[in-house]
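A quick write-up on the structure given underneath.
The values are calculated or read from the model by the stated rules, or taken from the named source; none is laboratory data. Given the structure is predicted, the values throughout are model-derived calculations rather than measurements. All Cβ positions, even for glycine, are placed from backbone atoms using ideal geometry, and neighbour counts span all protein chains on display.
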Amino acid sequence: MPVKVLDSWALIAFFEDEPAAAQVEKLLLQAEAGTHKLLLSVINWGEIYYNTMREVSQEAADRLAINLAGLTIEIVGVDGKNLQLVRQAAIFKATRKLSYADAFAAALAKLRNAELVTGDREFKLVGDEIKIAWLR
């Protein structure tokens with residue numbers, strides 16, 4: 001089954017009903033149907049949470065977290081068993097100047113040989129190392 005990694009940009013676009021929301025919704029529905037598997041780094045989960053809290057409120061962030069939990073997305077954690085992910089994110093951060101959260105999305109895509117789904121143009125910096133599906 002193909003694997004896709006969602007960046008926080010994609011899910012923020014979905015939850016804020018931005019122009020790319022329909023594309024993200026289609027991916028979510030396809031994941032529910034078993035067409036592909038969706039992954040999200042726990043670091044990017046945190047980025048979505050703090051972005052919502054900062055822009056709206058903690059209550060809105062808590063509601064969004066509940067909505068995220070109901071989606072067919074596997075949250076990939078960071079712990080002592082997953083240091084390869086942390087190492088690759090650190091390499092991307094040091095060599096490609098990505099934000100730390102974006103480095104985790106890129107690292108997850110690279111290590112899982114998955115396609116990264118995003119509209120964040122910062123990922124052009126790693127386009128030679130990972131597959132990217134660009135949202136509009």
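Annotations
- The single condition from (1) crowded, with 17+ Cβ neighbours inside 10 Å; (2) small (Gly, Ala, Ser); (3) closer than 14 Å to Leu111 by Cβ that Ala90 fails is (1).
- Restricting Glu115, Glu55 to residues that are exposed (fewer than 13 other Cβ atoms within 10 Å of the Cβ) and acidic (Asp, Glu) narrows the list to Glu55.
- Test result for Thr72, outside any helix (DSSP H, G or I), hydroxyl-bearing (Ser, Thr, Tyr) and touching a helix residue (DSSP H, G or I) at 6+ places or on another chain (Cβ under 9 Å): yes
- Selection status of Leu83, surrounded by 14 or more Cβ atoms within 10 Å (Cβ to Cβ) and either out of contact with any helix residue (DSSP H, G or I) (no Cβ under 9 Å at 6 or more places or on another chain) or assigned to a strand (DSSP E or B) (or both): no
- Filter result for the condition that a residue is charged (D, E, K, R) and in contact with a strand residue (DSSP E or B) (Cβ under 6 Å, 6 or more places away or on another chain), over Glu74, Glu55, Glu47: Glu74
- Taken as a whole, the structure places Asp120 among residues that are in contact with a Phe, Trp or Tyr (Cβ under 6 Å, 6 or more places away or on another chain), within 18 Å of Gly46 (Cβ to Cβ) and not basic (Lys, Arg).
- Qualifying residue in region 22-34 (condition: in contact (Cβ under 8 Å) with a residue 12 or more places away in the chain, crowded, with 20+ Cβ neighbours inside 10 Å, within 12 Å of the chain's Cα centre (by Cα) and not in a helix (DSSP H, G or I)): no
- Any hit, region 45-54, residues being closer than 26 Å to Glu129 by Cα and free of Cβ contacts under 8 Å to residues at least 40 places away in the same chain: yes
- Residue within region 38-60 that is in contact with a helix residue (DSSP H, G or I) (Cβ under 8 Å, 6 or more places away or on another chain) and over 22 Å from Asp102 (Cα atoms) present: yes
- Per the listing Lys81, Lys93, the residue uniquely at pLDDT below 95 and over 24 Å from Arg136 (Cβ atoms) is Lys81.
- Scanning region 93-123 for residues that are part of a helix (DSSP H, G or I), touching a residue at least 24 places away in the same chain (Cβ under 8 Å) and over 11 Å from the mean Cα position of the chain (by Cα) turns up Arg96, Tyr100, Leu111, Glu122, Phe123.
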